[in-house]
Amino acid sequence: MTLLAAPKTVLVVDDCASLCELIEILLVRVGYHVLTATNGTEALRLARANAEIDLLLANLDMPGMRGDELAARFAQWHPAAPVVFLSSFEHPTDAAGPHELLVKPFTVAQLRDTVRRALRPRPEFAEAAEVPCAA
């Protein structure tokens, strides 16, 4: 008997509700569980209330709370979760930092591939999880 892994949960945050809805539809179709928020405050409420959020996908340029500020606060509850920023600008600033950047407009394939790439196990976490063998 093979146990199926639970779907990964993606928190999508964009001040455009219709874009959140579209991304949710697309990600659900490829097997993800999706939570959506249209502002940073709502996103942080979801981050606190949901123990299993595997990825933050957030607009970098939102009114009120920018995506980079949201990501820093989100990390309090989900420190190992990767972040992908959405932006209308190819080179927005250094705000994206080490995180993935998905430039709008994007294709379905670009969204899917970026999310998959961001959710791949990262070597620094894999190495930390290795247990040395006793001699």
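Every read-out reported here was derived from the displayed coordinates using simple, explicitly stated rules and does not represent laboratory data. Nothing here was measured: the structure is a model prediction, and the numbers come from that model. Neighbour counts run over all protein chains shown; Cβ positions are idealised from the backbone, glycine included.
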Review point. Quick one: Ile53, Ile25, fewest Cβ neighbours within 10 Å first, how do they rank?
Key: Ile25, Ile53
Study note, to complete from the structure: The Kirkwood hydrodynamic radius of the range 1-55, taken as the inverse of the mean 1/r over all distinct Cα pairs, in Å, comes to 11.8
**Study point:** Alpha-carbon Rg with Dmax, taken over the range 45-92, Å
**Key:** 11.0, 33
Review point. Along the three principal axes, how long is the range 9-107 when you take its alpha carbons, biggest first, rounded to the nearest angstrom?
Key: 32, 29, 23
**Study point:** Theoretical gain in end-to-end length, Leu26 to Leu119 [0.36 nm per residue, Cα-Cα removed]
**Key:** 31.8 nm
